[in-house]
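Please read the structure below before turning to the comments.
The values are calculated or read from the model by the stated rules, or taken from the named source; none is laboratory data. The shown structure was predicted, so the numbers you read here are calculated from the model rather than taken from an experiment. Here the Cβ positions follow ideal geometry from the backbone for every residue, glycine too, while neighbour counts run over all protein chains shown. The area values use the complete protein model at the heavy-atom level, side chains included, leaving out ligands, DNA and RNA. Shrake-Rupley method; radii C 1.70, N 1.55, O 1.52, S 1.80 Å.
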Amino acid sequence: MTRAQETARGAYGEDARARPADGREAYGQRTAGAGAATGDVRLTTEGLPEWLRPVAEAAATVKPHQLSRFLPPPSGGRQSAVLILFGEGERGPELLLMERAGTLRSHAGQPSFPGGSLDPEDGDPDGDGPLRAALREAWEETGLDPSGVQLFGVLPRLYIPVSGFVVTPVLGWWREPSPVGVVDQAETARVFTVPVADLTDPAHRVTSRHPSGHVGPAFTVEGALVWGFTAGLIDRILHYAGWEVPWDRDKQVPLDWRS
């Protein structure tokens, strides 16, 4: 268990919105831009909305094997972090997602959480480094203002074999929403939010099947097929938060080799 996870356990004891062209600059003026990676970050559940409490509770107790069968190797791997950001939109609770550019080397064209590799300035991978990396990457990819995000939990590290990423999922509450959108088209195709109500709706739930043999939960939402690592995490969060609704796991969507 990393120090960030220990803190979390103790604490509980096209665009989603139009983004002004100067969105990242405005954030940079307040927090020295990417220097937010070196700023003070902390985890707290204080002030969370009641509907989000089950997620915080689950984060404090869930074990790695309960989230995925792909766990980090004893050594090696590319340390990274993703931001699982919950907000409240017109249709209630929602999640922030993005679609990766089709030209990227890893996971091209896939919907995902904002995130990426830890940079040296993010700090200790076993300490607050993943928290800073998750916020920094979200800022770089979507223009999100991290000052409006309350980090409230960290899930166990997981592994993505195809890319070698060792991923720390960081949970956030979008306490003060800010405009978001595509910052760099070479990195991001679009940024969007998905109502949790759609993610729990059985009509939007399917099982994806990759030619490699990988089978897993998926979601058909906002004109996108969310599958793979991101869908697996969403599926487990819904389950352990008690939000899951029975759905037809025999309803399959085939993927191709380019996926």
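So the values come out like this:
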{"read-out": "Residue in region 175-185 that is of a type in the set (Gly, Ala, Ser) and closer than 20 Å to Ile237 by Cβ present", "value": "no"}
{"read-out": "Test result for Ala81, surrounded by 19 or more Cβ atoms within 10 Å (Cβ to Cβ) and farther than 19 Å from Phe165 by Cβ", "value": "no"}
{"read-out": "Every pair of residues 6+ apart whose Cβ atoms lie under 7 Å, when the first sits in region 124-140 and is farther than 15 Å from Trp174 by Cα while the second is among the acidic types (Asp, Glu) and not in a helix (DSSP H, G or I)", "value": "Ala133/Asp119"}
{"read-out": "Sole exception among (1) touching a Leu at 6+ places or on another chain (Cβ under 6 Å); (2) open to solvent by less than 10 Å² (accessible area, probe 1.4 Å); (3) polar (S, T, N, Q); (4) under 17 Å from Pro114 (Cβ atoms) for Ser208, by number", "value": "(4)"}
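Condition check ((1) at pLDDT 90 or above; (2) over 21 Å from Asp126 (Cα atoms); (3) assigned to a loop (DSSP other than H, G, I, E, B); (4) open to solvent by less than 80 Å² (accessible area, probe 1.4 Å)) across all residues:
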position	(1), (2), (3), (4)
Ala21	no, yes, yes, no
Ala26	no, yes, no, yes
Arg30	no, yes, no, no
Arg42	yes, no, yes, no
Gly47	yes, yes, yes, yes
Val55	yes, yes, no, yes
Phe70	yes, no, yes, yes
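Residue by residue, here is whether (1) hydrophobic (A, V, I, L, M, F, W, C); (2) surrounded by fewer than 21 Cβ atoms within 10 Å (Cβ to Cβ); (3) more than 13 Å from the chain's Cα centre (by Cα) holds:
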{"position": "Pro179", "(1), (2), (3)": "no, yes, yes"}
{"position": "Ala186", "(1), (2), (3)": "yes, yes, yes"}
{"position": "Val196", "(1), (2), (3)": "yes, no, yes"}
{"position": "Pro202", "(1), (2), (3)": "no, yes, yes"}
{"position": "Thr230", "(1), (2), (3)": "no, no, no"}
{"position": "Ile237", "(1), (2), (3)": "yes, no, no"}
{"position": "Glu244", "(1), (2), (3)": "no, yes, yes"}
{"position": "Pro254", "(1), (2), (3)": "no, yes, yes"}
